[in-house]
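The values are calculated or read from the model by the stated rules, or taken from the named source; none is laboratory data. This one's a predicted model, so the numbers in the text were calculated from it and none came from an experiment. Positions of Cβ are generated from backbone atoms using ideal geometry, with glycine treated the same way; all protein chains shown enter the neighbour counts. What goes into the accessible areas is simple: the full protein's heavy atoms, side chains included, and nothing from ligands, DNA or RNA. Shrake-Rupley method; radii C 1.70, N 1.55, O 1.52, S 1.80 Å.
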Amino acid sequence: MIEQLRKDFPLLQTHIDEQPLCYFDSAATTQKPQCVIDAVNKFYRQDNANVHRGAHTLSAAATTQYESVRNKLAQFLNVSQREIVWTKGATESLNLIAYGLSEKLNQNDVILISPLEHHANIVPWQQVAHRTGAKLELLPVSKQGILDLEASKTLISAKKPKILSICHASNALGNIHDIAALIQVAKQFDTITVIDGAQSLLHLRPDLSAMGCDFFVFSAHKALGPTGLGGLFGRYELLNSMPVYQTGGEMIERVSFSGTTFREAPGKFEPGTPNISGVIGFGAALDYLDAIDANTLAHHEASLYHYLVNALKKIDGISIWGDTERNIGVVSFTYKNEHHFDIATFLNTYGVAVRSGHHCTQPLMDHLSLQGTVRISLAFYNSYQDVDILIDALKNTIDMLEE
Amino acid sequence: MDINQIQTQLNSLNGWQAKYREIMLLGKKLPSLPDALKTQDAQVQGCESNVWLHLDLDENQERLVIIADSDTRIVKGLLAIILACYNNLLPQEAKLVDAYALFEEMGLIQHLSPSRGNGVKAIVERIQTQISAFQ
């Protein structure tokens with residue numbers, strides 16, 4: 001089945017320096033199936049028009065298509081469609097939420113995040129804390145880079161934070177967090193919970209109603225969709241209570257020179273012409289995912305992940321960071337004192353694409369006393385053969401470095 | 001090895017594995033900087049990895065002496081190539097040397113990631129700026 005699915009991704013058939021591409025950087029961005037590429041193409045060839053305006057046929061059709069994807073995503077996440085806001089990505093979503101919630105923060109209120117966060121889930125809160133006098137504090141994480149769940153629950157109870165913002169799965173290490181357990185505790189203190197789902201949307205397909213979070217952010221391009229699009233879910237009452245983030249056309253109810261009234265959410269958070277082709281492409285990605293059994297994909301990813309981890313563990317000198325028990329399929333490793341850049345550069349000469357560096361998680365790297373790691377991130381379209389090629393390439397790379 | 005020998009050697013190798021191996025070996029021959037010289041002032045900005053570089057004139061105050069180091073083997077090899085371009089030249093000669101263009105000619109810039117390519121650019125710019133200060 002995986003061999004069949006691989007054929008849907010044109011770029012997986014490509015070659016790097018005459019060797020077949022082994023793509024292990026899906027945590028940075030996933031490859032796109034042909035249906036997504038076709039949907040974007042078809043939109044511009046046949047349906048292009050602006051949305052939410054104009055009485056003409058094309059505009060009406062574009063609006064219908066555009067809004068139907070909002071509905072599709074709402075169903076995918078098990079929430080209501082008026083709770084979905086389109087943005088340009090998870091980063092913008094987090095900025096929008098941090099800005100929107102800043103009015104609710106007072107001096108010495110606590111914003112709790114984890115040391116595993118991507119810079120996008122650190123810096124906006126840091127800025128808000130700076131403006132409001134709120135305090136940014138951290139959940140406890142082990143030396144290996146694993147969140148201490150019990151100590152985290154205790155800390156939430158002790159700190160009673162105004163906001164808890166944490167990733168569902170770590171981008172640098174792949175650890176999956178027990179979000180439901182954390183939210184359960186946070187709810188006792190009316191803490192607003194923000195979940196960074198950039199890495200989890202594709203791999204875990206979360207049911208947000210079951211999860212019970214107040215906000216959830218994502219990027220479409222990390223879940224087979226086009227770049228430049230993302231979004232957020234916000235519990236409606238809370239979402240609609242936030243002030244507008246950017247202003248302009250589309251998001252207004254009525255404008256005069258004496259004042260302006262804004263539309264209700266989600267409209268008031270979507271000024272200007274939206275990323276229509278991106279939304280339509282993402283709709284095709286959701287259809288693609290809906291048509292495949294999620295359990296089959298999850299099972300393949302988990303087996304492949306364990307196959308990879310076992311193979312790496314057999315190589316002397318490799319240290320794997322993070323949680324290898326509960327993981328979305330990311331391996332972050334170092335080899336002795338070798339620099340991650342050298343390893344990644346040699347792997348590339350074998351057609352193996354991995355990420356190297358700090359993965360936009362410098363505070364986490366500091367915590368682990370590392371400059372960076374080599375990150376291998378899997379998606380369902382990776383095969384056992386990909387992993388075999390990677391391991392062979394890595395062994396050759398190590399031989400070369402040890403020369 | 002002078003820069004012409006390096007260039008001939010690299011061009012004679014087939015495939016990127018062999019080329020990077022050679023670059024790495026060049027790096028191995030470059031003496032490491034003692035930690036005391038790995039100062040913040042010596043650090044070249046605009047590189048993804050750490051690069052430290054010191055440039056001065058020899059005891060006769062005539063010819064360039066450049067010493068440099070990096071924490072990655074490949075970048076250290078690239079430094080060895082850059083140093084071979086400039087070391088022991090008179091400042092006015094060195095001003096006319098464009099090591100970045102040489103990297104382009106060898107196809108190295110295209111193959112390295114842009115941040116690394118820019119690293120080479122930042123190193124070369126740093127050398128040129130410091131040379132200008134002598135005149």
Task: Test: A:D38 is in a loop (DSSP other than H, G, I, E, B), modelled with pLDDT of 95 or more and over 18 Å from the mean Cα position of the chain (by Cα) - done: no
Task: All positions within region B:5-23 that are surrounded by fewer than 14 Cβ atoms within 10 Å (Cβ to Cβ) and of a type in the set (S, T, N, Q) - done: B:Q5, B:T8, B:N11, B:S12, B:N14
TODO: Collect the residues in region A:1-28 that are assigned to a loop (DSSP other than H, G, I, E, B) and within 14 Å of chain B (Cβ to nearest Cβ), keeping them in residue-number order.
DONE: A:D17, A:E18, A:A28
Open item on the list: If I filter region A:46-54 for residues that are open to solvent by 80 Å² or more (accessible area, probe 1.4 Å), closer than 23 Å to A:I252 by Cα and of a type outside the set (D, E, K, R), do I get at least one hit?
Closed with: no
Open item on the list: Please pick out the residue among A:K32, A:K7 that is crowded, with 22+ Cβ neighbours inside 10 Å and not assigned by TED's automatic domain parsing to the domain that holds A:L136.
Closed with: A:K32
Open item on the list: Among the numbered criteria (1) under 21 Å from B:L10 (Cα atoms); (2) touching a His at 6+ places or on another chain (Cβ under 7 Å), which one does B:Q110 miss?
Closed with: (2)
Task: Residues satisfying the stated conditions in region A:77-104, i.e. in a loop (DSSP other than H, G, I, E, B), open to solvent by 20 Å² or more (accessible area, probe 1.4 Å) and under 18 Å from A:V123 (Cα atoms) - done: A:K88
Task: Qualifying positions in region B:39-56 - open to solvent by less than 50 Å² (accessible area, probe 1.4 Å), part of a loop (DSSP other than H, G, I, E, B) and more than 14 Å from chain A (Cβ to nearest Cβ) - done: B:A42, B:V44
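For every residue, the table says whether it meets (1) open to solvent by 30 Å² or more (accessible area, probe 1.4 Å); (2) in a helix (DSSP H, G or I); (3) touching a helix residue (DSSP H, G or I) at 6+ places or on another chain (Cβ under 6 Å).
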site: A:N106; (1), (2), (3): yes, no, no
site: A:I111; (1), (2), (3): no, no, yes
site: A:L116; (1), (2), (3): no, no, yes
site: A:P124; (1), (2), (3): no, yes, yes
site: A:V128; (1), (2), (3): no, yes, yes
site: A:R131; (1), (2), (3): yes, yes, no
site: A:E137; (1), (2), (3): yes, no, no
site: A:K143; (1), (2), (3): yes, no, no
site: A:E150; (1), (2), (3): yes, yes, no
Task: Pair list, Cβ < 9 Å and 6+ apart or interchain, from region B:16-27 residues that are facing chain A (nearest Cβ under 7 Å) to residues that are outside any helix (DSSP H, G or I) and not acidic (D, E) - done: B:W16/A:T349; B:Q17/A:T349; B:Q17/A:Y350; B:Y20/A:T349; B:R21/B:L13
TODO: Hand me the list of helices (runs of 4 or more DSSP H) wholly inside region B:57-135 holding 2 or more residues that are at pLDDT 90 or above and open to solvent by 40 Å² or more (accessible area, probe 1.4 Å).
DONE: B:91-94, B:114-132
Task: Checklist (1) assigned to a helix (DSSP H, G or I); (2) more than 30 Å from A:R53 (Cα to Cα); (3) open to solvent by 40 Å² or more (accessible area, probe 1.4 Å) applied to A:L289, failing item - done: (3)
TODO: Hey, can you tell me all the residues within region B:26-38 that are in contact with a Phe, Trp or Tyr (Cβ under 7 Å, 6 or more places away or on another chain) and open to solvent by 30 Å² or more (accessible area, probe 1.4 Å)?
DONE: B:L37, B:K38
Task: Matching residues in region A:223-248 - criterion: being touching a strand residue (DSSP E or B) at 6+ places or on another chain (Cβ under 9 Å), open to solvent by 40 Å² or more (accessible area, probe 1.4 Å) and either under 30 Å from A:Q31 (Cβ atoms) or among the small types (G, A, S) (or both) - done: A:T227
